[in-house]
Every structure is written in structure tokens, then in C-alpha cells.
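The values are calculated or read from the model by the stated rules, or taken from the named source; none is laboratory data. None of the values given here were measured: they were computed from a predicted structure. All Cβ positions, glycine included, derive from the backbone under ideal geometry; neighbour counts span all protein chains shown. Note: accessible area is taken over every heavy atom of the protein model, side chains too, but ligands, DNA and RNA are not part of it. Shrake-Rupley method; radii C 1.70, N 1.55, O 1.52, S 1.80 Å.
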Amino acid sequence: MAAGEAGGRAPVCLCVLCGLPAAGKSSLGLTVLSTAAQLGWRATVVPYDDLIPGQAFHPRLEEEEDGAMHTDWKSHRQAVLQCIELFLKTPDMSAELLSGRQINTAAWEQCVRVLRQPEGPVDPSQADRAPLLFLLDDNFYYQSMRYEVFQLARKYSLGFCQVYLHCDVESCISRNQCRPEPVPTEVILEMGKRLEPPNPQKNSWETQSISIDTTDNLSNLDIQRVTDLISSALRNPLSPVEDNTEQKEADRLRCATSVVHQADQACRRLISEAMRTARGQTGENQVSSEHMRSLASQLNESKATFLRSLREQLLQDPSFSQEENMDVERVVKSAVDVFDHEKKEILLKIIYDHN
């Protein structure tokens, strides 16, 4: 029977663990698993790093001319949520049903095996009625990433909560360097710039969220706060009925994401154009390789700052909500014109400094 279809079924909670790489999400997840077993819950950690191929997280060169870094994670992340949804509908589904879903099926089977065969004080005959907890372990640095989990929880009337692990970038980088396979430092730095922590005051769907400081070791109080949050989410599942205020927030987030994505594509083209212009200098005016690298770095840094500012501006505009009711092309063009001006100034400065 699908989750949410019968009132007598066990409560389910999707708990998002978010924060920078090496902030302590995996350690927290293991500790919560131990506590959950003592409480008689069926619980598992959903480790995105294990489920998704490593190359999907690593930066790659999108275009040689713009020198920008990009990753292929979006479709893989959606595949993880699809697997959770399939499990909620059919807990005993075979691994064959997961073929072609862009995840590591062996890692997924390991995740759900403990849910099918719980350990601890859970009575096997009553296992299907024990509370079910999914701890989603990933960075979730954008609101839009976490909102997808919220949508899944609301669809099936599940509990939903978020734990933000706050740890300064320097500490994360130091811990990360001790790992067998560290994340590139530049990825952590860039993620730190883009990180959007849960904001319950601004987003009503993030009400069930707490922040814990993981710069030092976790305390018993921290673990108790997380346990209390999950317990509350299990007792108060989401309603599939959409609230108008919340829907407006969701529409604004979706529309802003679309506009920023299109602006990003346009800015990349402008950067490529600037690189070609600089490379086309001849004779004594030819730009050196060092200046070309500096140009690429300055343009991409300017683009990142510009896109962050654009996103914040759009999300703060109460009139900006319905993509179908607005001229997206005009909004994108108007925004990109600003970056085009910045691009020209950077290009001229590089050529001037070179000469």
C-alpha cells in the first residue's frame, strides 16, 4: 500500500541534513541512527555521495573559452528522490526496477535493507508499523534542492524537517583535507558563497528546521534537539493541501531559478565572446596567457557575484512569482545587459594593463 493512503500505516519522516562538505553530516547521521534504534524507529541514512557517481559532483570544463566550472548533479539528485518515492509505494521492490535510474543500486539496496530488516527493540511482527526515518545526507546548499524533498513529503503526507550543520569554511576545508578522497577546495569555497541556509522566517515550508554549530564536537543537547525535531515531524505530517502563501513562495523560487539559469547561459556566451576578443589581439597587442587566465578568472567571479545578486533581488520582489504571467526574456535581457557592461569594463582593463 502506498505511503499516505491509509491512516493506520506507520508515520514517515524525511529529514534533510544540509551544510558544507565535511561539516559533520555523516557523523550526525550515524549518531541519530543509534538513537533511532533505541526509540524503536526504522531509520536509514541516504548518502548522496554513495548513491550518485563521483563524476556527477566533480567540476568539469563546460566550455574551454569561458573556463567556467559546472557539474552534472541535477538529474542524479532527482533519481535519488524517485527511489525514495518508489520505496514508499513498494517497499519490497527488486533492484531490477532501479536499472537506468542514474544511481548506485548496490548502495541503495544497502540503504533500504535495514528498513526491511530493522535492528534493535523493534518487534519483527510490528516492524511495518514502526516509525520510518530517512536521513538525507547531502550539501543541499540551495533552497530549491531542499524544496524538492519538501514537495515529496507533502505529496504523501509525510513528516519533513531540516537540520542545518553550521561550520565555518576554514574548518570544513581542514577536515576535508584529511579525507581519503577530499572534495576540491575551490568547490567548498564556491559552495560557501552560494549556501542558502534554511530560513523559517522567510519560507513557511522551512518552519521545521534547526541549526546546530558543528565547528566543535556534537553535544548530547545537539542530538536531543535533532531527535525532538524528528519526533515533532513524525507527529505532524504535511498536508497535501497547498497553502496560497506557500505556493506563491514556491512559484517565485521556481521562476527565479529559471531566470537565473537563463541569465547564466547568456553570461557564459558573453564571457566566451570576451575571451575570443582578447585572444584575437595580434602583434604587440596580443594578450599573454597569464592575462588570459586572469581575464577568465575575473569574468567568472564577476558572473558568480552578478547571478547571486540577481537571485536575491528576484526572491525579494513580491511581484515576481508567475513565470507564465511575465516576459522572462525581457527580464533576462535587462539583467544580462548589466553584466555585459561589467564584462566590457573588465576586458578593457585587461587589455589596457597588458599594453
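Here are a few things to note about the model shown:
- Matching entry among ALA130, ALA233 (being open to solvent by less than 30 Å² (accessible area, probe 1.4 Å), closer than 17 Å to VAL32 by Cβ, of a type in the set (A, V, I, L, M, F, W, C) and modelled with pLDDT under 95): ALA130
- Residue match in segment 183-192 (condition: outside any helix (DSSP H, G or I) and surrounded by fewer than 17 Cβ atoms within 10 Å (Cβ to Cβ)): yes
- ILE173 meets each of the listed conditions (1) in contact with a strand residue (DSSP E or B) (Cβ under 9 Å, 6 or more places away or on another chain); (2) at pLDDT 95 or above; (3) assigned to a helix (DSSP H, G or I) apart from (1).
- The sole residue among ASP353, ASP337 that is of a type in the set (Asp, Glu), assigned to a helix (DSSP H, G or I) and modelled with pLDDT of 80 or more is ASP337.
- The lone exception for GLU312 - which of (1) surrounded by fewer than 19 Cβ atoms within 10 Å (Cβ to Cβ); (2) at pLDDT below 75; (3) under 15 Å from ALA256 (Cβ atoms) it fails: (2)
- Among the residues of segment 78-122, those identified as modelled with pLDDT under 85 and of a type in the set (Gly, Ala, Ser) are SER94, ALA95, SER99, GLY100, GLY120.
- Residue within segment 4-19 that is closer than 22 Å to ILE188 by Cβ, open to solvent by 20 Å² or more (accessible area, probe 1.4 Å) and either in contact with a Pro (Cβ under 9 Å, 6 or more places away or on another chain) or at pLDDT 95 or above (or both) present: no
- Only residues that are free of Cβ contacts under 8 Å to residues at least 60 places away in the same chain and open to solvent by less than 30 Å² (accessible area, probe 1.4 Å) were counted across segment 197-209, and they come to 2.
- For segment 213-230, the candidate set comprises residues that are out of contact with any strand residue (DSSP E or B) (no Cβ under 6 Å at 6 or more places or on another chain) and not in a helix (DSSP H, G or I); within that set, the residue that is most open to solvent (accessible area, probe 1.4 Å) is ASN217.
- Among (1) over 23 Å from the mean Cα position of the chain (by Cα); (2) surrounded by fewer than 17 Cβ atoms within 10 Å (Cβ to Cβ); (3) in a helix (DSSP H, G or I); (4) at pLDDT below 80 - the single one ALA278 does not satisfy: (2)
- Every listed requirement among (1) over 23 Å from GLU206 (Cβ atoms); (2) at pLDDT 75 or above; (3) among the hydroxyl-bearing types (Ser, Thr, Tyr) is met by TYR48 save one, (1).
- Residues satisfying the criterion are present in segment 193-200 (criterion: assigned to a helix (DSSP H, G or I) and either within 14 Å of LEU17 (Cα to Cα) or at pLDDT below 95 (or both)).
- Residue among VAL259, VAL226 that alone is within 29 Å of PRO11 (Cβ to Cβ), among the β-branched types (Val, Ile, Thr) and in contact with a helix residue (DSSP H, G or I) (Cβ under 9 Å, 6 or more places away or on another chain): VAL226
- The set of residues in segment 16-43 being assigned to a helix (DSSP H, G or I) and either of a type outside the set (Val, Ile, Thr) or under 14 Å from the mean Cα position of the chain (by Cα) (or both) consists of LYS25, SER26, SER27, LEU28, GLY29, LEU30, LEU33, SER34, ALA36, ALA37, GLN38, LEU39.
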